[in-house]
Amino acid sequence: MKTPEQMTAEDYARLGFMAGLEVHQQLETDTKLFCRCPATRYSPRYDAELLRHMRPTMSELGEYDGTALMEFKTRKEIIYRIARDTVCTYEMDDAPPFSLAEQALDIALEIALKLDCKLVSELHIIRKQYLDGSIPTGFQRTTIVGVDGELRVGERIVHVRQLALEEDSCREVSDRGHRRVYMTDRLSIPLIEVVTEPEMRTPAEVVEVGEAVRRLTRSTGKVRTGAGAARQDVNVSVKGGTRIEIKGVPSIKMFRALTHYEALRQKALLDIRRELLGRGLRPDTFAPTWHEVTALVRHTTVAPIRKALKEDGVVYAVRLPRFRGILRHRTSHQHAFDHELSGRVRVIACLDGSPNLMHDEDPGMSIAPRLWDAVRRALDCVNGDSLVLVWGPAEDARLAASEVAERAREALIGVPSETRQARADGATNFERILPGPNRMYPDTDLPPIAITDERVARIEDTMGPLPREWEACCRERGLHLELIIPLERSGHRDLFERVVTELNVPPKLAAVVLGQLTRWARRRYALYCDEERIFELFKAFAADRFTREAFRSLLKSLGSDPGLKVGDVIEAALPRSSAPDPQATVNRALAEETHWRAIVAPEARLKAAMGVAMDAGLRGRVPGREVRVLVDEALSAADIEREVNHD
Amino acid sequence: MTEPIPVFDERPDRYKGYRGAARALLERERVGVWSDVLARTSRGDFAGIILPRSETADDRHIVIKMVSGYNVGLAVANVISMVERGYTEAHYKVPEKEFPVDGGKPNVVLFGTGGTIASRLDYRTGAVIPAFSPGELYGSVPELADVCNLRTEKLYGVFSENMAREQYIGLAEAIGRAIREEGIDGIVVGHGTDTMHHTAAVLTFMVQNPPIPIVMVGSQRSSDRPSSDAALNLIHAAKTAGTSDIAEVLVCMFGPTSDEYGLLHRGTRVRKMHSSYRSTFRTIGDIPMATVDRDEIVPLRSDYNRRREDREVTIDAVFDDRVSIIYYYPGMKADVIDSLIDCGYKGIVIAGTGLGHVNKPLYPALKRAHDAGVHVYMTVQTLWGYVQMYVYDTGRDMMELGVVPAANMLPEVAYMKLCWALGHSHERDEVKRLMLTPISSEITRREPHDGYLIYQGGLPEVAEFVAGNLK
Ligand SMILES: [Zn+2]
């Protein structure tokens, strides 16, 4: 199977590769979207648990049929872990929503405007159903803010279908058997969902567009950053294939492998379909059979089956007529077609052992050949048939057998509509059947919200420029891209503007302090300094209270305690009373610490001497260039002295 | 959709919910509800199906559903033109399936009063379409067929706050008929939750000595949500009605907020205690009757009336609603009571402070009430505990004015009982006898220590309990 590096744009064009993105980006707000809980960072701490089941509602399914009822009977127990400080009765679905957070709406409107979206005049909150339990209500409250936008990516325009404002879902902790556990800390944090048209023609383009969307949202300085703050779904299809959604991709870089292998998976499934049709199979007459064969394999030594039997489980065998060779047909660099069967068994029958099935062409674990023969006889197999074994508790194993048969039948139709989970290796796992189209309901708990022209005008007036306009403006000030991007990400763009224009601080210095040093303090020491105090710090700098070399340590001190005053911190680090005399300090230091004398290369010697002088109490108080002049003079004097002595 | 597009002027309700400027725009553009339109607006083009507008919403926006399933509102002032491209009308229908009959299962009657126990939401309008016939219920809660055979009868279609005298009497009589004339094994009453405890109390007085369980049930989260408590409550209630041996009026609602088990509360000791929690119903001043889950009913006490084979029941459906309830507050003026007397009220239930007190300035009014033949009963707004009017002089003074202490009857229960008692007699001693003779624990002789348990969140030992059990 080809790797992404081995495929050209033409290869993808021949496949009919098409991809679109759904970018979810959390907004930096004080509260959650529909309640007054703080929108805090994640924490694994919890102090209570709830149990809920998600019941399919009639309207989604039209009506209940046997399959839906079966699915419900083998349903999941959903456990929610909640903590008093981050979750209230709203997120528990024990109270109706409060009014929508205006702060979040303003940010969403700003991003919609920056994406040139058409803004709606009145927001209507919609319930989008999710039966996987990721939201305790069973639906996500979401609302469209704008539609039909566009984004410039390099030289081309990518169209944005819509921008929605919605509440975030839970984090999955585990999913074992019939029990799925969710952490609720990020539940209901406001996020926007930007949906692009499926206009990307290569995996590399998907990455490029993903990065452009991220840059645009971050340029507002009002979105969350860090692990999990931005998550992407990508949908992929090839000619003759189906739109497949790959969910929750944590890193944009992963798009390349994921979309590439998904395209190839769809191609493989289409090849399998052609092969099966060629064998004379048709979806409406395909007749797989399955039976319980526990008694026949009772004495197997295969560990997972033995374990299931010990727990009073049963074994089912499924006969797939004329499927020989198909289960071993490669569908990705990691998997063959049997992985498709295994995914359904894991998700729908809740049998998540590894392996959770085996077949008679399995190169790996297998029951003894004579046992296969016995099973083959029991199911009246003929040459060319394939056999699959599944095992587990009786209800689950029976459901697993029928799911295996169903997925095999779907192979005759093509690529089934699914959502798939991203794996780190670029392959994907079956997650669930794509939900039906009618899963959007008006939310009767909240009234519509008018978006007035005044509100739009206010946001247009206060929002900053687009990334490309901002970039041009920074370049004019002499900044290069390596300084511009961190500054943009830092969210301190407005502060940068103030510092440069009001205080006349050199743009490069301001960019380094705001784009790099604040980030360094945050990452290295988890220290965060508010903008007002950083501005105060620059003010003191502009008044020559300290020199640029002191920014690093002063930021670190300020960040350690939000109550500290800027003046006090500077005074503590660099007391005015002990301000040294530069000339005397340089002379004394160079006389006392003499290792620089041994260095011959003039540049290195100067550097070492500078270090000695600065360490002697000049750092942060006397500008480096002044010290350098003094050190230079001292070194010249020393040279003259040495030459004199030499002579 | 290939159905023919109806002639515009013949479409019924084509401006449903639209008034003023919004309606004028629709009339001008000759489009209406269910029109699939392309709208040109000053904020760009929008396409979708025009939806009915909520009556309470303003007249300055038109709502459309876009292909994505999202609804958005277009400001009337921004719309330049609207062109109809098609027409897609919503059809309201709950899928029905015949409820299977199994001779081995108990027969249960479900009476509907108006709360929607099961319903389907129309995905476009958000309209809730109630499911009520056995077929509709089977379509939405198929597990019911594992529990019982079901007959349903819709008695009323009112919100629970609109339940009153007429409905109480009609419901009690319908229950009597079902017990006497049908060989049923249990009754379920579907009811909105807000006043479920009022109805449970009055049914206890109106339907005495029933041979079978009478189980009231509702839901705190509507059944159109995947997380609804409705289906589980209904299953628990049907199971209780069909199989439990507690032949009393019960309220069956969630125990914890988790989908775990339900509690069966005696109709006279139960109260809705939270405006939105699932586990809102609590037994006050006593412990509940039993727990119920899909598998079993576990009684928590043994002092209840057992199920009987006979078909005998006393239906005593009388109700005089010239009764009011007064929630005392400091500084209350006598004119509040005076006005009730002047309006012809025959009974007053006071929810007094502490052990059952009101301030002195009310005394003349209380005396006047007594002299006018108004029956005045005292309960406590603390909900837990007994009225005790001997402890302080003020209490003794009040009793001399004719105020009767109602022991530990809950204020709403005392209200329902006084209405019922006045339906029998206005003779002072007879009313008093009826009021103070408990029919089913509305007054209890003693309060067990664990009849009052309100744990204070945040304490270490409570945190430990909460962490160790599902909420
Ligand atoms: Zn909250």
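The values are calculated or read from the model by the stated rules, or taken from the named source; none is laboratory data. Everything numeric here is computed off the predicted structure, so don't read it as measured data. All Cβ positions, even for glycine, are placed from backbone atoms using ideal geometry, and neighbour counts span all protein chains on display. Side chains are part of the model used for accessible areas, which takes the heavy atoms of the whole protein and leaves out ligands, DNA and RNA. Shrake-Rupley method; radii C 1.70, N 1.55, O 1.52, S 1.80 Å.
Here is how the numbers come out for the structure above:
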| quantity | calculated |
| --- | --- |
| Dipole of the range B:8-87, positive end: most advanced residue of B:Ala75, B:Ala57, B:Val33 [Cβ charges, Cα centre] | B:Ala75 |
| Carbon + sulfur, % of accessible area of the range B:392-471 - ligands and nucleic acids excluded, 1.4 Å | 52 |
| Stretch gain in nm, segment A:Leu51-A:Asp85, where the contour uses 0.36 nm per residue and the Cα spacing is subtracted | 10.3 nm |
| Solvent exposure of the range A:161-295 as accessible area per residue, Å², 1.4 Å probe | 36 |
| Summed buried accessible area for B+A [probe radius 1.4 Å, Å², rounded to 100] | 4700 |
| Most positive-pole-ward Cα, A:Ala374, A:Ala349, A:His291, against dipole of the range A:282-411 from beta carbon charges | A:Ala374 |
| Average accessible area per residue (Å²) across the range B:107-315 - probe 1.4 Å, nucleic acids and ligands excluded | 30 |
| Residue-averaged [θ]222 nm for chain A, counting only DSSP H segments that reach four residues, each worth -39500 (n - 2.57) | -11500 deg cm²/dmol |
| Area accessible to solvent at B:Met273, 1.4 Å probe radius, in Å² | 70 |
| Estimated distance in nm for a label pair at A:Arg370 and A:Arg625, the labels positioned 7 Å out from Cα along Cα-to-Cβ | 9.3 |
| Averaged over A:144-157, number of beta-carbon atoms from partner chains that fall within 10 Å | 2 |
| GluC sites (Glu not before Pro), loop per DSSP, at most 12 other Cβ atoms within 10 Å - longest free stretch of chain A | A:312-647 |
| Accessible-area composition of the range B:226-365, carbon plus sulfur, in percent [1.4 Å probe] | 52 |
| Residues A:Ser553 and A:Ile157, FRET efficiency given R0 of 35 Å [Cβ-Cβ distance, rounded to 0.05] | 0.15 |
| Carbon + sulfur, % of accessible area of chain A - ligands and nucleic acids excluded, 1.4 Å | 51 |
| Within the protein assembly as shown, percent of DSSP bridges classed antiparallel, to nearest 5 | 75 |
| Projected-area mean, the protein assembly as shown, by convex hull of Cα positions, square nanometres | 62.4 |
| Within the range B:19-51, backbone nitrogen closer than 12 Å to the virtual label 7 Å beyond the Cα of B:Glu89 toward Cβ | B:33-35 |
| Residues in the range B:277-293 occluded by at least 20 Å² - accessible area, probe radius 1.4 Å, against chain by itself | B:Tyr277, B:Arg278 |
| Threshold 20 Å², the range A:118-133 residues less accessible with all protein chains present than alone (1.4 Å probe) | A:Lys118, A:Leu119, A:Val120, A:Ser121, A:Glu122, A:His124, A:Ile126, A:Arg127 |
| Å² per residue, accessible surface of the range A:402-457 at 1.4 Å | 38 |
| Residues B:Asp335 and B:Thr56, FRET efficiency given R0 of 41 Å [Cβ-Cβ distance, rounded to 0.05] | 0.70 |
| Candidate lysines for bridging to A:Lys267, where Cα separation is under 27 Å - those fewer than 8 sequence places away on the same chain excluded | A:Lys2, A:Lys239, A:Lys247, A:Lys253 |
| Computed [θ] at 222 nm, helices only, for chain B once each DSSP H run of length n ≥ 4 contributes -39500 (n - 2.57) | -7500 deg cm²/dmol |
| Net charge of Cβ neighbours under 9 Å - reference B:Val37; Lys, Arg +1; Asp, Glu -1 | -2 |
| In nm, spacing of pseudo-spin labels at A:Ser560 and A:Glu150 (7 Å Cα→C-beta vector) | 5.4 |
| Crossing angle, helix B:165-181 versus chain B [Cα axis fit, 0-90 degrees, rounded to tens] | 80 |
| 5 angstrom amide H check on B:Tyr377, placed H, neighbours 5+ away | B:Ile348, B:Val349, B:Ile350, B:Val404 |
| Dimensionless Rg/Rh of chain B - Kirkwood Rh, Rg from C-alpha atoms | 1.06 |
| For residues of B:132-143, the mean tally of beta carbons on other chains within 10 Å | 2 |
| Sites matching GluC sites (Glu not before Pro) across the range B:242-298 that sit in DSSP coil, with at most 12 neighbouring C-beta atoms within 10 Å | B:Glu296 |
| Relative contact order (%) - chain A, alpha-carbon pairs under 8 angstrom, separation at least six | 13 |
| Tensor-based shape of the range A:582-646 (alpha-carbon gyration tensor, a/c under 1.5 rounded, otherwise prolate or oblate) | prolate |
| Charge-dipole axis of chain A as Lys and Arg at +1 and Asp and Glu at -1 on Cβ define it, positive-most pick from A:Ala422, A:Gly620, A:His178 | A:His178 |
| Under-5 Å amide H pairs with A:Thr31, H placed in peptide plane, nonlocal only | A:Ala39 |
| Pairwise label distance in nanometres, B:Asp321 with A:Ile599, each label 7 Å out on the Cα-Cβ vector | 9.7 |
| Karplus-derived HN-Hα couplings along the range A:316-333 (A = 6.51, B = -1.76, C = 1.60, θ = phi - 60°), whole Hz, x at Gly and Pro | 10, 10, 10, 9, 10, x, 6, 9, 3, x, 5, 5, 9, 5, 5, 10, 7, 5 |
| Assigned charges on the beta-carbon of Lys, Arg, Asp, Glu; the range A:582-646 dipole about Cα centre (debye) | 240 |
| Long-range amide H partners of B:Glu447 with built H, under 5 Å | none |
| Length released on extending from A:Thr40 to A:Ala572, taking residue separation times 0.36 nm less the Cα-Cα span | 188.3 nm |
| Whole-number percent relative contact order across chain B, with pairs defined as alpha carbons under 8 Å at least 6 apart | 10 |
| Estimated vicinal HN-Hα couplings, Hz - the range B:386-394 in sequence order (Karplus 6.51, -1.76, 1.60; Gly, Pro = x) | 9, 5, 9, 9, 8, 5, 10, 4, 4 |
| Low-density loop positions, chymotrypsin sites (Phe, Trp or Tyr not before Pro), the range A:256-301 - DSSP coil, at most 10 other Cβ in 10 Å | none |
| Point-charge dipole on Cβ atoms (K/R +1, D/E -1) for the range B:27-92, about Cα centre, debye to 20 | 200 |
| Using θ = phi - 60° and Karplus 6.51 cos²θ - 1.76 cosθ + 1.60, couplings along the range B:328-337 (whole Hz; Gly, Pro as x) | 5, 9, x, x, 4, 9, 4, 5, 4, 6 |
| Nearest 10 degrees, 0 to 90: helix B:196-206 Cα axis against chain B principal axis | 50 |
